[in-house]
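First comes the structure, then the notes that go with it.
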Amino acid sequence: PDCTKILVAAIDFGSSYSGYAFQFRHEFRSNPLQISTNNWQSAKSGFMSHKTPSVILLDTNKRFHSFGYDAEDKYAQLTRTKNHKEWFYFTGIKMKLMIALDTFIEEDNNKALFKERLRRDAVIKDMEDREYPLLDLMAMAYKYLIEHFLHQLESRTLLKDITPKTDIQWVITVPAIWTDASKQFTREAAIKAGLSEHQIRLAYEPEAAALYCRLLPVDKFVSGGKEKSLVFSTFERGKKFMVLDLGGGTVDISVQETTKEGQMKSIHKVCGGPWGGQAVDEEFRKCIQKIFGGDVLFQFRDSYRSKYLEFLRDFELKKRQAKLASDSKVALRVPAELCDLLEETTKLSLKENLSNSTFKDKIDAVGDKLVFHQDEFNSIFSGAMKNIKGHMKNIFKDKRCQDLTGILLVGGFAESEMVIETLRKTFPTQKFIVPSEAGLSVVKGAVLFGHDPDIICARTCRYTYGTAVAKPFRNGVDPLQKRTIISGEYFCNSRFAKTFTIGDLVNIGDKKSIEMSCDYRDENHQYLRYEPVSWDVLISTKEDPTYSDEDGITKLGEIVIQLPDEETIWPEFFDCTVFMEIAGTEIDVTCTLETGESVQGSFEFLIE
């Protein structure tokens, strides 16, 4: 896609909250920080924010009804009148795309990289445990945000000189740790929402945040004037810094270096996992379940849905305000209905239940409140923080990452005092900087990326990429069980042909090639001459795998080469060269035939 479009719009469909930002080309040229966002408001509470909750409500006919605060407000109204069971309410949508990734791969190179492959027909469950196609639901979310944005432009009379189909470059943010399958799923959802393929560019969230923050004046950081020199030096040319993108669902960690030309390159393979704010919410739910019991909590959730959601929202506020070193206790109001259900079931009050439990001396019941001792409340954060700190320590072991000028904290979870204080205490020699709008850095940076995608000039390979090929059999080297006969000659049928190597710094636009052969001379293979050619794309955490079936090698997807036209069939035997090119956040593939003809290829990462 060209980056001279009149307008760039970025969508940040987050695990917890979503929003968009936009900027005209002339604004980018005169003042890159002049980026517009939308203010979202809950009609019920009057609460305003730059993002809206990532929740979707479908009506009784499974048709889209509302998104964000509107969906929350309508669902709360339905629960109060006990009419919610026939409606479909979805949360945690984006995190369904995390399931395909095993984020603990560094600990054990011998296990498969993926717990499971992502399917195009993946489903998600609503609050009542009913399934719905994930692709359709994500498309609804994008469609809503796209239409909301266009309506805002129209209401400000900014649409009159714009043709949305051709004049807008759309940028969609994705975690840098996502698999290629998750990125393809996102792209297909956006196309289903009405965007055309050439209008869409994907931006990695931590990179986008860094692009935005490096332009910010010093007074736009929480550390502010106290550490002017730190903010300046972090983004200086030739210097390296870490980006910790702490979102609602995922945590993305990347290390960037600003080049002498002012571009940025990612100098360590990105890492992270599902340790954002929602991991803390999950620990809180487990804690509450231990206090009240699963049956009581389920009954409360089922019978008093609006009170249950209110209870979780109250915790959300406490979570943001919690401090590490505070001696004060954290009080959380417990709905009367939950206390009543507990007494009915156990014949004991909340206070008596707590004094008989493992939470004695850790959590008190005072009136209608649960009062957490500070250590106990801190422990709700400890699982997520342990994973974040562990990955940071691994990065610091890399020689390339030992002279960082600063660590940039962005994302909604970075607004938590507890998180910032824990990291400062764990890494006292590191210098942390936090922008005052940590939650908006990603979407605003994605707009800048849309205007100037070449600003990110190189990334570090996360895996070793390759494919399986048949090569002449080497006696005494290749195992006999891998020997096969092709056209009367001995071949080794599963050699690993490498394109990109794990840990290598790859420049955008770098191409690697593999020589491939297709042999359809066997009469049983003649039918294949009428079909697209495909080869498996394999990945490994080893630098130089020898065979395609070694431990730790996983199929990532397939390269698919279409027939040049409908009249053509493939020759009975032909050689070709397959080129893989790192094209920004995605990989392009082309194929050159013996005739010199170039055929466009594609990747297929999703399972039907």
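The values are calculated or read from the model by the stated rules, or taken from the named source; none is laboratory data. Please read these numbers as outputs of a predicted model, since none were measured by experiment. Cβ coordinates were reconstructed from backbone atoms using ideal geometry, including for glycine residues, and neighbour counts include every protein chain displayed.
Things worth noting here:
- 2 or more residues loosely packed, with under 14 Cβ neighbours inside 10 Å and basic (Lys, Arg): qualifying strands (runs of 3 or more DSSP E) within the range 195-265: none
- Selection status of Glu515, under 20 Å from Arg495 (Cα atoms) and part of a strand (DSSP E or B): yes
- Scanning the range 249-263 for residues that are touching a helix residue (DSSP H, G or I) at 6+ places or on another chain (Cβ under 6 Å) and either under 16 Å from Tyr212 (Cα atoms) or among the acidic types (Asp, Glu) (or both) returns Asp252, Ser254, Val255, Gln256, Gln263.
- Answer residue from the range 151-179, given it is of a type outside the set (A, V, I, L, M, F, W, C) and crowded, with 21+ Cβ neighbours inside 10 Å and is farthest from Tyr204 (Cα to Cα) among those: Gln169
- Residue-level check: of (1) in a helix (DSSP H, G or I); (2) of a type outside the set (Phe, Trp, Tyr); (3) in the same structural domain as Glu257 (by TED's automatic domain parsing), Glu376 misses just (3).
- For the range 55-77, the criterion of being modelled with pLDDT of 90 or more and under 21 Å from Ala446 (Cβ atoms) is met by at least one residue.
- Within the range 45-90, tally of residues that are polar (S, T, N, Q), touching a Gly at 6+ places or on another chain (Cβ under 7 Å) and in contact (Cβ under 8 Å) with a residue 40 or more places away in the chain: 1
- Count - residues of the range 501-526 that are within 30 Å of Asp454 (Cβ to Cβ) and among the polar types (S, T, N, Q): 3
- Scanning the range 3-44 for residues that are part of a loop (DSSP other than H, G, I, E, B) and free of Cβ contacts under 8 Å to residues at least 24 places away in the same chain returns Thr4, Asn31, Gln34, Asn39.
- The range 274-308, subset assigned to a helix (DSSP H, G or I) and among the hydroxyl-bearing types (Ser, Thr, Tyr), residue surrounded by the fewest Cβ atoms within 10 Å (Cβ to Cβ): Ser303
- Number of the condition not met by Val410 [criteria: (1) free of Cβ contacts under 8 Å to residues at least 40 places away in the same chain; (2) touching a Ser or Thr at 6+ places or on another chain (Cβ under 7 Å)]: (1)
Residue-wise test of (1) of a type in the set (Gly, Ala, Ser); (2) within 17 Å of Val243 (Cα to Cα).
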residue	(1), (2)
Val434	no, yes
Glu437	no, yes
Val442	no, yes
Gly450	yes, no
Ile456	no, yes
Arg462	no, yes
Tyr465	no, no
Ala468	yes, no
Lys471	no, no
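- Residue in the range 362-372 that is closer than 14 Å to Leu244 by Cβ and either without any contact (Cβ under 8 Å) to a residue 60 or more places away in the chain or more than 22 Å from the chain's Cα centre (by Cα) (or both) present: no
- Scanning the range 321-332 for residues that are farther than 20 Å from Asn353 by Cβ and either free of Cβ contacts under 8 Å to residues at least 60 places away in the same chain or assigned to a strand (DSSP E or B) (or both) turns up Ser326, Asp327, Ser328.
- Boolean, Leu159 is assigned to a helix (DSSP H, G or I) and modelled with pLDDT under 95: no
- Residues of the range 428-442 that turn out to be in contact with a helix residue (DSSP H, G or I) (Cβ under 7 Å, 6 or more places away or on another chain) and either exposed (fewer than 15 other Cβ atoms within 10 Å of the Cβ) or not in a helix (DSSP H, G or I) (or both), as a count: 6
- Per this entry, Lys318 is counted among residues that are surrounded by fewer than 22 Cβ atoms within 10 Å (Cβ to Cβ) and part of a helix (DSSP H, G or I).
- Filtered residues of the range 472-493 (kept if out of contact with any helix residue (DSSP H, G or I) (no Cβ under 8 Å at 6 or more places or on another chain) and modelled with pLDDT under 90): Ile485, Ile486, Ser487, Gly488, Glu489
- Any hit, the range 453-476, residues being over 30 Å from Glu572 (Cβ atoms) and over 41 Å from the mean Cα position of the chain (by Cα): yes
- Among (1) in a loop (DSSP other than H, G, I, E, B); (2) over 24 Å from Leu202 (Cα atoms); (3) modelled with pLDDT under 95 - the single one Gly92 does not satisfy: (2)
- Residue within the range 104-122 that is assigned to a helix (DSSP H, G or I), surrounded by 15 or more Cβ atoms within 10 Å (Cβ to Cβ) and at pLDDT below 95 present: yes
- Which listed residue is at pLDDT 90 or above and among the acidic types (Asp, Glu), from Asp375, Asp403: Asp403
- Flag if Phe13 is buried (at least 18 other Cβ atoms within 10 Å of the Cβ), touching a His at 6+ places or on another chain (Cβ under 7 Å) and under 23 Å from Gly584 (Cα atoms): no
- If you filter the range 163-189 down to residues that are touching a Leu at 6+ places or on another chain (Cβ under 6 Å) and either outside any helix (DSSP H, G or I) or not assigned by TED's automatic domain parsing to the domain that holds Ile200 (or both), you find that the one that is nearest to Glu558 (Cα to Cα) is Thr179.
- Top-ranked residue in the range 482-507 [being farther than 25 Å from Ile395 by Cα and of a type in the set (Gly, Ala, Ser); ranked as surrounded by the fewest Cβ atoms within 10 Å (Cβ to Cβ)]: Gly488
- Being under 24 Å from Val419 (Cβ atoms) and of a type in the set (A, V, I, L, M) holds for only one residue in Ala365, Ala325, Ala336, and it is Ala325.
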